[in-house]
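Enquirer: Submitted below is the structure of interest, expressed as C-alpha cells.
The values are calculated or read from the model by the stated rules, or taken from the named source; none is laboratory data. This structure is a prediction, so every number in the text was calculated from the model and none was measured. When we count neighbours, we look across all protein chains shown, and the Cβ atoms used for this are built from the backbone with ideal geometry, even at glycine.
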Amino acid sequence: MAAVNGAQLMARSLKEQGVDYLFGIVGFPVQGFAAEAQRAGITYVGMRNEQAASYAAHAAGYLTGRPQGCLTVSGPGVIHAFAGLANAKQNCWPMILIGGASPVYQNGMGGFQEERQVELAAPYCKYAHAIEHVHRIPYYVNQAVRHSLYGRPGPVYLDFPDDIIRGECDEDEVIEAAAVPEPPRTQADPDAVEAALSALESAERPLVVVGKGMAWSRAEDEIREFIERTQLPFLNSPMGKGTMPDDDPLSVGAARSTALREADLVFLMGARLNWIMHYGLPPRFNKDVRIIQLDIEPEEIGANVPAEVALVGDGKAVVGQLNRALDNRQWFYPSETPWRAVLQEKAQANMEAVQPMMDDDSVPTNYYRAFKDIVDWLPHDAIIIGEGANTMDIGRTQMPNRLARHRLDAGTYGTMGVGLGFAVAAAVTNPDKPIVSVQGDSAFGFTGMELETMVRYNLPVKMIVLNNGGIGGGVHPLKEGQTLPPGNLTYGARYEGMLEALGGKGFYVEDPKDLRAALDEAMAYNGPTLINVPLNPRAGRKPQQFGWLTT
Ligand code: ADP
Ligand code: MG
C-alpha cells in the first residue's frame, strides 16, 4: 500500500470536510503543508499578519456556512492568531486554526518556537487538540469541524507538530472519518411555539430583534415571511442587518433607542442581551419587559433577563414552525397603533436631526455628508465592512443592508482592526460581489499591510478611510509645544499613498463635492482602491457638538 504523509492527509481531510479556504502565513513547520493544501484544491491566501489571517478565516466561515481555516507557524504565529479565535468565539462564528508546532520528540527541551499551544488555545475554543499520530488526522479534522459547526458555532484548534506533518503512514492504516453533514436543524417545543404567538398577541408594544444568529442560520426567508404575516415592528442587530431589509417599512432601526426602551415585549431572535443590547435592563429597556427568546444554545436562555417563552432550536427551523403555527391564527399586529405612531415619529425626528450635517458641504467634511454620497453609490448587493468607533456606528445607521450576511463589523468583542482581514475574506469567498470597507483611520492602521495582500491577489476591495486624525478624533492643528494627546494620529496622513505604492489605486478627497466622482472611479477600477477622506477632527454624532452648526 502507498504511503501518505501528514501534510497530504491533512490537506485531503480538510478538503473533504468542506474547508475550502486557508488564510495564513507560512514558515516552520507548515510551509510544505500549505503547498499540499493547494494541491488538494484548497484556496490558500497568504497574508501579512496572523491576526488578520485569523480574522479572515472566521469571516469566511460566517459567509460560507462552513468553518474555514487559518494556518500559522508555531509559537508566536499561533499566539498572534488567538486574536481571531477570541473574536470568533465572541461572535459565535466557526473557524479552524491549524497551528504548526515544534516536534513532539523535542517537547520540554526548549525547541524552536516551542509553546503550550493547545492549553493556551483552549479557553478561546470549543475544541482544542494536538494531533499525535499521522493515521488519525481525518478523525481529528472531523471532530474539529463538527465541534465548530454544530450547536452554537465557534472556533476550534488543531496542533500540527513538525514530525506529524512530515511523518508517514500506509494508506490502509488511515482511520477515515465521514464528511460532517450540515448541522441538524433542531426544532423548538411546539407548546413554546404556541406560547410565543400568544404572548405576541397579548403585547401592546411588541418588538422583534433579529440578531446575527439568524443570519448565520440562513433564516432570512422564514423571517421575512414571519414579519410579513405578523406585521410586527422589527430591529436588526448590528450584524443582523439585512436579514430583514433595513429599508423595510416595518423596520424601526431609525428609532432604535425608543423601540428598545419602550417595548413591553421583545422577541429576541438569535441575539444576546449583552452590552450591544444594553443587557435588556433599565434604563435602556422597560423594567417590566417581557422576553421571548429564540436561541440554539439552551444556556443562553434567561441570560440577564428571565425569558417568558424559550424557543430553543435552530433559527431557520423554529421560525418555520412559527410560520406554520400562524396558519391557524387570524392575528396580525394592526397597522395603526399608538406604538407604531411613537416609533414613526421618533424615526422621523432622528432623520431630520442629521439632515443639516448631510447637507453641509464644508471642508473638511463630516461623517454624515460623506455617508450621503457613499449610500447613493453603494450597490445593493455590496458586502459592507465597517469599523472604527464613529465610522462604524454612524455607518450602521446610514448604510442600509438589504441582504443577509452582507454586513461585517467589530462585532460582539468590539475588535478594531478586523476590517481588512474581513474584506479579504469577503472578496475571496464572494468574487462576484462588490466589497466595500468603510473604516476610521485608527481601525485601518491595525492591519494596514493587508493592502499588499489585496494587490497581490487583485482583490477589488473598495476601501474608504474616514480620517479624523485620531482614535475617536484627533487634535489639529496642535498648539506650539503641545504634548501629543494619546489618541492623536497624523492628521491628513496619506493612507491612499500606501496603496498606490503597493500597486493599487488611491484617492485623496478633501472637498466632499469630489467624493462621488472618486467613488465612481474606484468602482470602475479593476483592483483594490482606497479613498482617503480627511474629516473635521471634531466631527461626531450629535448635531449640537458641531462648531459649524452653532457658529
Ligand atoms: P447579535 O450581536 O446580532 O445581537 P449575538 O452574537 O449576540 O447576536 O447572538 C447570536 C446568538 O445566536 C447566539 O446566542 C447564538 O447562540 C445564536 N445562534 C447561533 N446559531 C444559531 C442558530 N442556528 N439558530 C438560532 N440561534 C443561533
Ligand atoms: Mg479616527
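Enquirer: Within segment 333-350, count every residue that is more than 33 Å from the chain's Cα centre (by Cα) and part of a loop (DSSP other than H, G, I, E, B).
Expert: So the count comes out to 4.
Enquirer: How many of the residues in segment 110-133 are within 21 Å of GLY6 (Cα to Cα), of a type in the set (A, V, I, L, M, F, W, C) and within 26 Å of the chain's Cα centre (by Cα)?
Expert: So the answer is 2.
Enquirer: Further question on the same structure: Just one of THR483, THR447 is more than 26 Å from the chain's Cα centre (by Cα) and away from ligand 2 (no atom under 15 Å from the Cβ); which is it?
Expert: Values: THR447 fails: more than 26 Å from the chain's Cα centre (by Cα).
From the options THR483, THR447, the qualifying one is THR483.
Enquirer: Something else about it: All but one of (1) of a type in the set (D, E, K, R); (2) near ligand 1 (Cβ under 9 Å from one of its atoms); (3) out of contact with any strand residue (DSSP E or B) (no Cβ under 9 Å at 6 or more places or on another chain) hold for GLU297, so report the exception by its number.
Expert: Among (1) of a type in the set (D, E, K, R); (2) near ligand 1 (Cβ under 9 Å from one of its atoms); (3) out of contact with any strand residue (DSSP E or B) (no Cβ under 9 Å at 6 or more places or on another chain), the lone unmet condition for GLU297 is (3).
Enquirer: Continuing with the same structure: Filtering segment 195-230 down to residues that are surrounded by fewer than 21 Cβ atoms within 10 Å (Cβ to Cβ) and farther than 14 Å from LEU322 by Cβ, which residue is nearest to ligand 2 (Cβ to nearest atom)?
Expert: Restricting to residues being surrounded by fewer than 21 Cβ atoms within 10 Å (Cβ to Cβ) and farther than 14 Å from LEU322 by Cβ, the top hit is ARG218.
Enquirer: Could you check ALA539 against (1) modelled with pLDDT of 95 or more; (2) buried (at least 23 other Cβ atoms within 10 Å of the Cβ) and say which number it fails?
Expert: Condition not satisfied by ALA539: (1).
Enquirer: Just to verify a result, which residue in segment 176-194, among those that are more than 15 Å from ligand 1 (Cβ to nearest atom) and surrounded by fewer than 17 Cβ atoms within 10 Å (Cβ to Cβ), is nearest to GLN90 (Cα to Cα)?
Expert: ALA179
Enquirer: Hey, among the residues in segment 137-175 that are of a type in the set (Gly, Ala, Ser) and within 16 Å of ligand 1 (Cβ to nearest atom), which one's farthest from the chain's Cα centre (by Cα)? Give the derivation first.
Expert: First, pick out the residues of segment 137-175 that are of a type in the set (Gly, Ala, Ser): 144, 148, 151, 154, 167.
From what's left, within 16 Å of ligand 1 (Cβ to nearest atom): 148, 151, 154.
Values: SER148: 16, GLY151: 19, GLY154: 13 Å.
Only one residue tops the list, namely GLY151.
Enquirer: So, one more: Taking the condition within 20 Å of MET416 (Cβ to Cβ) and of a type outside the set (Val, Ile, Thr), does GLU50 pass?
Expert: yes
Enquirer: Kindly indicate which of LEU451, LEU489 is more than 16 Å from ligand 1 (Cβ to nearest atom) and within 30 Å of GLY65 (Cβ to Cβ). Steps first, please.
Expert: Numbers: LEU489 fails: within 30 Å of GLY65 (Cβ to Cβ).
Of LEU451, LEU489, the one residue that is more than 16 Å from ligand 1 (Cβ to nearest atom) and within 30 Å of GLY65 (Cβ to Cβ) is LEU451.
Enquirer: Next up: Given the criteria at pLDDT 95 or above, hydrophobic (A, V, I, L, M, F, W, C) and more than 27 Å from ASP393 (Cβ to Cβ), does ALA443 qualify?
Expert: Numbers: at pLDDT 95 or above: yes; hydrophobic (A, V, I, L, M, F, W, C): yes; more than 27 Å from ASP393 (Cβ to Cβ): no.
Spelling it out, it is not the case that ALA443 is at pLDDT 95 or above, hydrophobic (A, V, I, L, M, F, W, C) and more than 27 Å from ASP393 (Cβ to Cβ).
Enquirer: Is one or more of the residues making up segment 374-382 modelled with pLDDT of 95 or more, within 16 Å of ligand 1 (Cβ to nearest atom), over 30 Å from THR186 (Cβ atoms) and part of a helix (DSSP H, G or I)? It would help to see each step written out before you state the result.
Expert: Filtering segment 374-382 down to residues modelled with pLDDT of 95 or more leaves 374-382.
Within this subset, residues satisfying the condition of being within 16 Å of ligand 1 (Cβ to nearest atom) are none.
No, because not a single residue in segment 374-382 is modelled with pLDDT of 95 or more, within 16 Å of ligand 1 (Cβ to nearest atom), over 30 Å from THR186 (Cβ atoms) and part of a helix (DSSP H, G or I).
Enquirer: Please verify whether VAL475 is within 23 Å of PRO400 (Cβ to Cβ) and either within 12 Å of ligand 2 (Cβ to nearest atom) or surrounded by fewer than 23 Cβ atoms within 10 Å (Cβ to Cβ) (or both), treating the condition exactly as stated.
Expert: Taking the combined requirement at face value, the residue does not satisfy it.
Enquirer: Still on this model: Here's a check for you: in segment 312-323, which residue that is within 9 Å of ligand 1 (Cβ to nearest atom) and not β-branched (Val, Ile, Thr) is surrounded by the most Cβ atoms within 10 Å (Cβ to Cβ)?
Expert: Ranking the qualifying residues of segment 312-323, first place goes to GLY315.
Enquirer: Across segment 238-277, what is the number of residues that are outside any helix (DSSP H, G or I), surrounded by fewer than 24 Cβ atoms within 10 Å (Cβ to Cβ) and of a type in the set (Ser, Thr, Tyr)?
Expert: 1
Enquirer: Separate question: Applying the selection to segment 269-295, what residues are under 19 Å from the mean Cα position of the chain (by Cα) and of a type outside the set (Phe, Trp, Tyr)? Spell out how you get there, then give the answer.
Expert: Restricting attention to segment 269-295, the residues satisfying the condition of being under 19 Å from the mean Cα position of the chain (by Cα) are 269-277, 295.
The answer is MET269, GLY270, ALA271, ARG272, LEU273, ASN274, ILE276, MET277, ASP295.
Quick grid of which residues meet (1) at pLDDT 95 or above; (2) within 16 Å of ligand 2 (Cβ to nearest atom); (3) not polar (S, T, N, Q):
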residue	(1), (2), (3)
LEU459	yes, no, yes
GLY469	yes, yes, yes
LEU489	yes, yes, yes
GLU496	yes, yes, yes
GLU500	yes, no, yes
PHE507	yes, no, yes
ALA524	yes, no, yes
THR529	yes, no, no
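Enquirer: Same structure, new question: Could you grab me the full set of residues in segment 146-181 that are without any contact (Cβ under 8 Å) to a residue 40 or more places away in the chain and within 30 Å of VAL309 (Cα to Cα)?
Expert: ARG146, HIS147, TYR150
Enquirer: Restricting the first residue to segment 264-278 and requiring it to be on the phi > 0 side of the Ramachandran plot, which pairs with a second residue that is surrounded by fewer than 24 Cβ atoms within 10 Å (Cβ to Cβ) and basic (Lys, Arg) meet a Cβ separation below 8 Å and a spacing of at least six or different chains?
Expert: HIS278/ARG284
Enquirer: Okay, next question. I'm checking my understanding of the structure. Among residues of segment 104-126 that are within 18 Å of ARG146 (Cβ to Cβ) and of a type in the set (Gly, Ala, Ser), which one is surrounded by the fewest Cβ atoms within 10 Å (Cβ to Cβ)?
Expert: Per the criteria, the residue is ALA122.
Enquirer: Can you pull out the residues in segment 525-536 that are within 24 Å of ALA425 (Cβ to Cβ) and surrounded by fewer than 23 Cβ atoms within 10 Å (Cβ to Cβ)?
Expert: Taking segment 525-536 and keeping what is within 24 Å of ALA425 (Cβ to Cβ), we get 525-532.
Hits for segment 525-536 are TYR525, ASN526, GLY527.
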